[in-house]
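Here is the structure we will look at.
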Amino acid sequence: MPETLGKGIPEIEIPPVESSAEAVAGEEVAAMEPPAPPVAAATAAMVVPGGLNAGLNGFGGSPAPLILDKRVRVIPHAVDSSVVEHYRKLRTKLLQKRDEKPFRSLLVTSANPKEGKTITSLNLALSFAMLPNFKVVVVDGDFRRGSLGNWLGMDRSHPGLSDVVEGTARLEDVVLKSDQIPIHFILRGTARVLDAHRSQFDAHFRKLGEHFDLVIVDSPPANLLADVQILAGSCDAVLLVARSFVTNRSALEKAVQDLQPFNVIGTVLNASVETRKKYYYGYY
């Protein structure tokens, strides 16, 4: 896999996030699928004065009926502490990149579906949220098959980015929050947007960047939809996710080639295997 990620694009490996100590063999692949939408929503979270809303000037977020399944493989449920360390390393590398060339919005994509871009987006946001006074929002930019709401255990009735693009909702009204996680998020929404244009995203992402330290946009797969090119053009930087033993060389090279016009700052190797009784990570 390392040789497929050349052309000056750095790479970091992230091992699978175990959901519980009783994880059985073969569960890893299944767990990468987003959970099914919940039948019923939990009680809405309460607003914490001076907490997530501090300094957001109208973008404090509406309380969200979030049901975070403990089987969902996010940092708070990681049994192996090395997973948290790997995301911290990725966070550090991104901060170094930001020092070299500042960016506020980061598009996270992959060559094909089911390669871990949504869980990478969530865990990366949670890692950044560990920094003091660092405000993060995750945006579901996949209008067709966006699964951020499923990962967070929310139903599909909430307005989101597609409704803002359609003009039926205001940006500040679709920003959500929950006491269960220290990040804000925007779901894909309920409107059908069949032909998106860059002009529909530029101002919205720029506005979010004025209120949050980092805007992470979870996009569709790069090799399947033209939407990725549009979203990438509206974001300051792009992070490409690959999955061990799933992403093939030709698919990854095509994604890298298609994203060349944009600021691709790195590639994440997701779900790396255990080697020599420990996880190895690093840049090639």
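Only the coordinates and a few stated rules stand behind these numbers; no lab work does. Model, not experiment: these values are computed from the prediction. FYI the Cβ positions are ideal-geometry reconstructions off the backbone, even for glycines, and counts take in every protein chain you see.
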**Report entry** Filter on LYS93/LYS177; LYS117/LYS254; LYS101/LYS135 - keep pairs with C-alpha separation over 24 Å
**Finding:** LYS93/LYS177
Requested in this report: Within the set of other residues whose C-beta is less than 12 Å from the C-beta of LEU124, count the net charge using Lys and Arg as +1 and Asp and Glu as -1.
Outcome: +4
Requested in this report: For the stretch 163-276, report the translational diffusion coefficient in µm²/s to the nearest whole number, using Stokes-Einstein at 10 °C, 1.306 mPa s, and a Kirkwood Rh over Cα pairs.
Outcome: 99 µm²/s
Requested in this report: Give the Cα extents of the stretch 49-188 along the principal axes, in whole Å, largest first.
Outcome: 41, 34, 30
Requested in this report: For the stretch 172-203, run through the trypsin sites (Lys or Arg not before Pro) and keep only the ones in DSSP coil with at most 13 other Cβ atoms within 10 Å of their Cβ.
Outcome: ARG192, ARG198
Query - Local net charge near GLU166, Cβ-Cβ under 14 Å (Lys/Arg +1, Asp/Glu -1) - result: 0
Report summary line: Scoring only Lys, Arg, Asp and Glu (+1, +1, -1, -1) among other residues with Cβ under 15 Å from the Cβ of GLY189 yields -3
